[in-house]
Structure formats: C-alpha cells, structure tokens
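Take a look at the structure below.
The numbers here are math on the coordinates, done by the rules we state, and not lab data. Just so you know, these numbers come straight off a predicted model, no measurement behind them. Cβ placement follows ideal geometry from the backbone for every residue including glycine, while neighbour counts extend to all protein chains displayed.
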C-alpha cells in the first residue's frame, strides 16, 4: 500500500501543468505571420504526404505520451510516495558495565561472570559492554563499546587472568593504603563509565562482589545506589555463597533500591543462569517499541519518469532523423 | 489612392522601349467594315447599297457609280474578370503576392484598352459575392476598379469561386460581346469552371491568365501558412525528396490538364510568374487572340 506524503503538492503541480497547457492551447493563434500559401489541397491529397503526416503524427503521439509519462512520474515523485511500515528496532540500545570486585576471594566467580558474558557476546546486537575492576581502586579494563571482537579479546584476557590469578593484571586496583573491596567506590566509578549524552539507552551494572570492604572508602554502597538511581542505572548484584548475611542484605537493598535485584550463586556453574536471567530481564525492560515509519518508495514514479524521458528522447530522435 | 495605374504605366513604358512598341498600336484587330467618319476606300455600287453612301463627285469623275466604304469604329469592351478568393492573398512561386500580380495583369490589360480608346469593365468576386463595375473608358474609373479588386483580396475573404463569378457575369452582362480577360489562380479545370468558360466563350472573346502558387516542398521557407485553413504548414515539407517529386508531378499533370482543357475550349491562356513576364505574357495573349480572330 503506497500513499503520498505530500498529496497537495502533487495536486497543485498537476493543476499548474493543466493550467499551462490550457493557456498554451487556448492562446489565440496569430493568423497574420508567415507567408501564405494557397492550394495546399493538392499537396494534402498526395499519398506520400499522408504517409509522412501519419508518421509525424505517430512520432508526435509517442513523444507526447513520453512527455506525459515524464510529467506524471515527476509529479508523483514530488509528492513523495511512501509505504508505511512498522519497524522492529533491531538494535538494542543498552549499556552494560561489568563491575567486578577483584579481591582475591572473588577470582572463580569473576572468571564465571566474564566467561558467561563472553558466551553471551554472540547474541548481542547493539548493546555496549564495558568492564571495570575495582578493589582498593578501580580501573577501566575497557570502556563501553560495541566492538565485540575487541570485547571478546579483552574478556579472554580477563578470563585468563582470573584463571591463573595473574597478579600483574590486577595490580592497578591495589591502593597504597590498606583498602580493598570498596564496593561503594567501585559502583561510583562504574557509574562514570556511562557517557552522559546517551540518555535514551538503558543502563545496567552487573556487580559481582562479596561486599567485604577493607578500610574506609569514599562512598558507601547505599550512597552509590542512590547515585545510580539518580542516573537511572539498574544495579544487578551477584553475591557469593560465603558472604556475610549483613553484607548480603546491604547488597540486596542497594540493588533493589535501583530497581535491580541480587542473587547469590551457590556454585560457579550458577553464574551463567544469573547472567542470562539479567540479560532476559534487561531485554524485556528496555525493549524498544515498534514504531511506524514511512519509507519512501520512489521507484515506480521514477521508473515511469525515466521511461517517459527515454520515449520522448527516442521520439525526438526519430522525428529528427528523417 | 491612385497608386495602381502609375506603376503599371511605368512598367509598360519600360517595356515598350524594348520590343513591343508596335504591338501597342495594334492590339485589337478591328477590321469590321461599317459606318463611321473614316473613309476606307471606294468601290463600285452594287444593288442593295445605301444610296446615301454614293460618292457623287467621285462617280461623276470616274463615270461609274462608286460608293464610300468606312472603317467601323465599333468601340470594344474589355471585361477584366478577376477571381478574388483568399487564395489570391497567398504568394506565388517567386514569393510575390499574387494579389499584386493579379492587379498588375488586370491593370495592364485595362490600361492597354483605355489607351486604345475602348471601354474597360472589371468584374471580380469570390464565393462570398461578385461585383461587376460597368464598362467605361476612363482612366480614373480603371484606377478605382483596380483599387476595389486590390481591397477585395484579403486572407479573410471567402474562397475563390471562378465558376460562380463567370455565372454571375453571364447573368449581368447579357447583351454585350466583350473581350473577356480572366485573371485567376486556378491550377486545374473542374467541370463547373469548364462549363462556365464554355458558356462565356459563346458570348465573349475569352482570354485567360493564371497565376502560379508557391510549391511548399521546394524550398524551406519557414513559417508557411495555409491560407485555406489559417494554420501553419508542417515544417518537414521541404525535407522529403519523394514528396517534392510527387508534388511536382501532380502539379505538372494539373497544369497539362488545364492547358488541354482550355485548348479544347479554344481559350488562349498564359501563366504569369512575375511582373516582368506579365507584360509580354499579356501581349502574347492579345497576339494569339488577334491571330485567332483573323483566321
């Protein structure tokens, strides 16, 4: 179903054309110019004249048809024929920052989180992933990006580092003071990974931590959660089985404060399911609505116009080559 | 107003310097013997002669009865018949207005007649109406008649109707026997015109002058307009050799047809292409007419 987006333009153009044609044809013919010739009947009765006249008429008719088609096509094209379609947005406008507490006790969990994210990569389309590690300090392993090849290589690196407990990999997170596992500060720095000018994208933090801080941080977890809520960032917590109940409650409160939830995985194999669950929930939460869009369909009128032009041109050439 | 005759006189003057000085004196063969003031000769009286014609003195001198013979001074009437349809407003093969040419031919004939002391009448008309201006010997009257003919020819007038004009003349000029010079642009000879000419031929001495038409296929004159329809002629006419050939053949066939038809009717005719050839053409015509009469 094709409809015109600017029908009034087509109507006015068509009426202008009709008006011009009327003006042109209704114009009183001047009878006094040109040399007058008499007794042309004997010319008109010649068979050769009739044959030539028929040919001229044919050529003129073809050329007129071509011009008409060209005009029609051009007018239709000017009216912007469009096909209304409902577009399912095929890109998911979501940003997810993995926020990993890299204190020593977390290594197997982190490895599972990273691994399950790496497996999820194939199903992603348009989401941006970022990875931030924190302990006493936080560092950004890679910023939010949808360059999945890059993400994959970085995740591989991180996974290898978690598997081998490569101390060099985490050295940037060691604070000079006696301070580690500062979840509040970690969440705050993860919040900063979101670029501010993409307000329309869904934002989530997957926070894997046992929430067992050592020393004094700058922000508490609840303060960070408030900040996250203000920024409309949903925090999903992944806790470990061995975490203290008070710590677990704190993490749960913080997550629920932002609209997320916390789950405690019983063993390392459960991380996959949690991550997948987070993905599902996020996808549902942020599914963009299908929108009606009008797609320009100029092919037919353009074809008509071009065909008309070709016919007109061939008619003109045919008429010239006598 | 008086513009037609002076031009014609000027042209005739130029012409007469060349070769037709003698012709100007003898256009009309008036050899009928009749009564007049001019004594022709004397002859012996035969029974039946008018007694009043007896030349008594000559009879006394010669001892026999002699009667005077006179040259008849019958004044001729030249009737110039001009077909003034709108086709006369067109141009001829040399791109000259046929109207000027028609007026010129009529003027030459008329002026020769006036010079000769004859009466000149002018009839003109088309399908829209016909007019006959009564014969008179005056120069001014001729000028006015020529003006009327000139003004009657416009592209807006009715189409030519030579047969109708001749029929009208036949109705109006009933008694008089005239030398009728028909100026027209007929290209062929249809039955009605042939019949009307045959009818005129019985009463008058008929001479015919036709004017040519422009062949629109011959040269590419831009913006040719059909005088019959008022529309422009197509611009591709001059570009087809076969069309040109066919048209020339058709025109030649028509011309031959016209010539044969007029010969059958015994009407001398000339084709006039321009002003220079018009004067000798008229003289040739008058010459043929004289020969035809003296035969």
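With Cα atoms defining each centre, the range A:156-183 and the range B:41-94 are spaced 151 Å apart in the structure. Each principal axis of the Cα cloud of chain B was taken in turn, and the coordinate range along them, longest first, works out to 86, 39, 37 Å.
Under 1.5 on a/c is rounded, so check that first for the range A:4-79, then, if it is not, pick prolate when a/b is larger than b/c and oblate when it is not; a ≥ b ≥ c are the square roots of the alpha carbon gyration tensor eigenvalues. Verdict is oblate for the range A:4-79.
Taking the three principal axes of the alpha carbon atoms in the range A:94-285, the coordinate ranges are 41, 36, 32 Å, sorted in descending order.
Based on DSSP, what percent of beta bridges with both residues in the range A:94-285 are antiparallel, to the nearest 5? Let's see the in-between values first.
Working: 6 of 29 bridges.
Roughly 20 percent of the beta bridges in the range A:94-285 run antiparallel, per DSSP.
Springs join every pair of Cα atoms under 10 Å in this Gaussian network model of chain A, and among A:188, A:262, A:70 the largest mean-square fluctuation is at A:70.
Axis of helix B:275-294 versus longest Cα principal axis of chain B: the two differ by about 40°, to the nearest ten degrees. For chain A, the relative contact order comes to 26 percent (Cα pairs under 8 Å, sequence separation of at least 6).
When DSSP beta bridges are restricted to pairs lying wholly in chain B, around 40% turn out antiparallel.
Spatially, the range B:244-269 and the range B:131-154 are offset by 30 Å when compared through their Cα centroids. Between B:266, B:164, B:48, the residue with the greatest mean-square fluctuation in the GNM of chain B (Cα pairs under 10 Å linked by springs) is B:48. Each Cα pair under 8 Å and six or more residues apart adds its separation to the average, and for the range A:94-285 the resulting relative contact order is 23 percent.
Over the C-alpha trace of chain A, radius of gyration and Dmax come out as 36.8, 120 angstrom. Shielding value for B:223-232 is 6, the average number of Cβ atoms from other chains within 10 Å of each residue's Cβ. Antiparallel DSSP bridges in the range B:63-169: what percent, to the nearest 5? If we restrict to bridges inside the range B:63-169, about 50 percent are antiparallel.
What value does the range A:225-266 have for Rg/Rh, both radii from Cα atoms and Rh as Kirkwood defines it? Let's see the in-between values first.
Numbers: Rg = 10.3 Å, Rh = 10.2 Å.
Ratio of gyration radius to Kirkwood radius for the range A:225-266: 1.01.
Protection proxy ranking of A:73-81, B:208-216, by the mean of other Cβ atoms within 10 Å over each peptide's residues and highest first, is B:208-216, A:73-81.
Could you tell me whether the protein assembly as shown comes out rounded, prolate or oblate from its Cα gyration tensor? Rule is a ≥ b ≥ c as square roots of the eigenvalues, rounded for a/c under 1.5, then prolate if a/b exceeds b/c, otherwise oblate. Please report the intermediate quantities before stating the final value.
On the way: a/c = 6.93, a/b = 6.52, b/c = 1.06.
Here the protein assembly as shown falls in the prolate category.
The overall shape of the range B:37-192 is prolate: from the C-alpha gyration tensor, with semi-axes ordered a ≥ b ≥ c, the ratio a/c is 1.5 or greater and a/b exceeds b/c.
Out of A:168, A:212, A:253, any idea which swings most in a Gaussian network model of chain A, alpha carbons joined below 10 Å? Largest GNM mean-square fluctuation: A:168. For the protein assembly as shown, what does the helix formula give at 222 nm: sum of -39500 (n - 2.57) over DSSP H segments with n ≥ 4, over the residue count, nearest 500 deg cm²/dmol? So the calculated ellipticity at 222 nm is -15000 deg cm²/dmol.
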